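Contents: one structure, followed by commentary.
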Amino acid sequence: AEYVRRIGCLAYFNLLSEGRTRAEDFLKSICTQLIEGYNLPYELPLHPDNTSNGNFLSKLLNEISALLKPGEKLIIAVDALDEVDLSSQSGAANVLYLPANLPNKVYFLLTKRSDPLPLVISAPQKIFDLMIYPNESLEDVKLFIRLRTKRLAVKEWIEERGLTLEEFVESIASNSENNFMYLKYVLDDIEQGNYRDISLESLPQGLEKYYDQHWHRMKMNVKPLPITKLKIIYFLTKTRKPVSCGMLAKLSGEISLMVQEILDEWAQFLRIYQTEGKPVYSIYHAAFQDFLYRKDIVQEVESLIEIESMEKQIKNNLLGMVYKNA
């Protein structure tokens with residue numbers, strides 16, 4: 001995002017929490033940006049045939065390449081390829097139907113986690129792996145922490161424990177494992193008073209431990225199991241689209257008031273939007289979604305409900321939302 005802001009290039013951000021993960025959405029956005037940005041003679045909105053595969057995108061890239069003057073470049077940034085819904089495209093194609101070859105002066109900047117993806121490229125490429133630059137990443141982490149220590153609640157937390165600024169920065173940085181999602185959650189918790197009775201040494205080490213600690217704090221592992229909470233979280237992970245409290249109530253068979261209480265409890269892990277004046281919810285970050293899938297206790301929900309019937313219900317209800325919004 002910072003690169004896009006500085007350079008001003010074309011960009012597309014795949015975002016699981018917003019349900020923006022389909023190849024069609026990517027092609028529609030980028031092709032529209034290209035047509036408008038280079039005044040190409042094509043009608044908008046695009047015909048569905050132009051977003052059903054990568055042919056039209058390749059055609060536009062070739063036309064723009066021929067228009068570029070010496071020294072000019074077309075750069076397209078595409079973020080979070082690992083969040084793409086691969087079921088939205090042909091199985092043999094590159095992720096998002098990205099072209100295997102690029103014309104002169106055209107460049108793609110792609111980001112993803114380490115997950116393997118269908119991406120066969122014949123064009124020259126350079127892979128920049130952030131994992132092999134741990135020292136630089138650590139300095140960025142420490143800078144972020146120092147900036148947060150200027151806030152009054154964080155500063156008071158440090159002083160109450162008799163810590164120096166550097167002791168706090170070094171410990172939090174080490175615990176974070178260079179993960180900025182960890183920093184966001186833990187520093188937010190400190191600032192909001194959630195770690196009022198916790199020492200520096202007792203803070204969770206790593207994002208996975210943080211999620212696990214929160215799981216226990218929400219009493220998700222008590223007996224008998226909190227089936228209602230588990231069902232709501234389960235449906236949030238399965239829908240892959242922002243959904244309303246009412247929709248979750250309908251899917252789970254619970255009353256809306258109960259569902260809203262659960263959503264409020266888990267608010268820090270949810271992304272909340274307004275649609276037609278009403279809030280809709282989705283999982284904030286793919287790492288938390290991965291954590292939930294790995295929790296055996298969540299998977300046990302599938303043994304407590306008729307999973308095939310529920311997945312059909314999810315699909316039917318989401319289709320209903322699409323048709324309603326069309």
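General remarks:
- Subset of region 12-28 (residues that are in a loop (DSSP other than H, G, I, E, B) and touching a strand residue (DSSP E or B) at 6+ places or on another chain (Cβ under 8 Å)): Asn14, Gly19, Thr21
- Close pairs from region 152-167: first more than 14 Å from Ile198 (Cα to Cα), partner in a loop (DSSP other than H, G, I, E, B), Cβ under 7 Å, at least 6 apart: Lys155/Thr149; Leu165/Thr149
- Matching entry among Pro118, Pro99, Pro103, Pro124 (being under 23 Å from the mean Cα position of the chain (by Cα), under 30 Å from Arg22 (Cα atoms) and part of a loop (DSSP other than H, G, I, E, B)): Pro118
- Test for Met258: is it modelled with pLDDT of 80 or more and more than 15 Å from Leu230 (Cα to Cα): no
- Top-ranked residue of region 71-87 - restricted to ones that are assigned to a loop (DSSP other than H, G, I, E, B) and without any contact (Cβ under 8 Å) to a residue 60 or more places away in the chain, ranked as surrounded by the most Cβ atoms within 10 Å (Cβ to Cβ): Lys73
- For Ile233, the conditions (1) β-branched (Val, Ile, Thr); (2) in the same structural domain as Leu143 (by TED's automatic domain parsing); (3) under 20 Å from the mean Cα position of the chain (by Cα) are fulfilled apart from (2).
- Scope region 133-173; condition in a helix (DSSP H, G or I) and among the aromatic types (Phe, Trp, Tyr); matching residues: Phe144, Trp157, Phe168
- Filter result for Leu68 (at pLDDT 95 or above and surrounded by fewer than 18 Cβ atoms within 10 Å (Cβ to Cβ)): yes
- Selection from region 258-298 of residues that are in a helix (DSSP H, G or I) and of a type in the set (Phe, Trp, Tyr): Phe269, Phe288, Phe291, Tyr293
- Within region 241-262, residues that are touching a residue at least 60 places away in the same chain (Cβ under 8 Å) reach partners that are surrounded by fewer than 20 Cβ atoms within 10 Å (Cβ to Cβ) and in a helix (DSSP H, G or I) with beta carbons closer than 7 Å, at six or more positions or on different chains, in the pairs Lys241/Leu318; Pro242/Glu18; Met247/Asn317; Lys250/Asn317; Leu251/Gln313; Leu251/Ile314; Leu251/Asn317.
- Among the residues making up region 236-269, those that are within 23 Å of the chain's Cα centre (by Cα), among the aliphatic types (A, V, I, L, M) and surrounded by fewer than 21 Cβ atoms within 10 Å (Cβ to Cβ) are Leu263, Ala267.
- Check on Phe108, in contact with a Phe, Trp or Tyr (Cβ under 9 Å, 6 or more places away or on another chain), among the aromatic types (Phe, Trp, Tyr), surrounded by 16 or more Cβ atoms within 10 Å (Cβ to Cβ) and at pLDDT 95 or above: no
- Taking the criterion of being modelled with pLDDT of 95 or more and among the basic types (Lys, Arg), the residues of region 115-147 that qualify are Lys142, Arg146.
- Counting residues in region 51-62 that are in a helix (DSSP H, G or I) and over 19 Å from Asn94 (Cβ atoms) gives zero.
- Some residue of region 187-194 being of a type in the set (A, V, I, L, M, F, W, C) and surrounded by 17 or more Cβ atoms within 10 Å (Cβ to Cβ): yes
- When each of Cys9, Cys31 is tested for being in contact (Cβ under 8 Å) with a residue 60 or more places away in the chain and not β-branched (Val, Ile, Thr), the lone residue that passes is Cys9.
- Residue selected from region 276-307 under the condition closer than 24 Å to Asn179 by Cβ and of a type in the set (Val, Ile, Thr), by the criterion modelled with the lowest pLDDT: Ile297
- Qualifying positions in region 41-50 - loosely packed, with under 15 Cβ neighbours inside 10 Å and outside any helix (DSSP H, G or I): Pro41, Glu43, Leu44, Pro45, His47
- Among (1) modelled with pLDDT under 95; (2) over 20 Å from Gln289 (Cβ atoms), the one test that Glu36 misses: (1)
- Selection within region 29-47 - more than 12 Å from Ile76 (Cα to Cα) and of a type in the set (S, T, N, Q): Thr32, Asn39
- Filter pass, Tyr273 being at pLDDT 75 or above and under 27 Å from Ser88 (Cα atoms): yes
The values are calculated or read from the model by the stated rules, or taken from the named source; none is laboratory data. In this text the structure is predicted, and so the values were computed from the model without any measurement. Cβ: placed from backbone, ideal geometry, glycine included. Neighbour counts: every protein chain shown.
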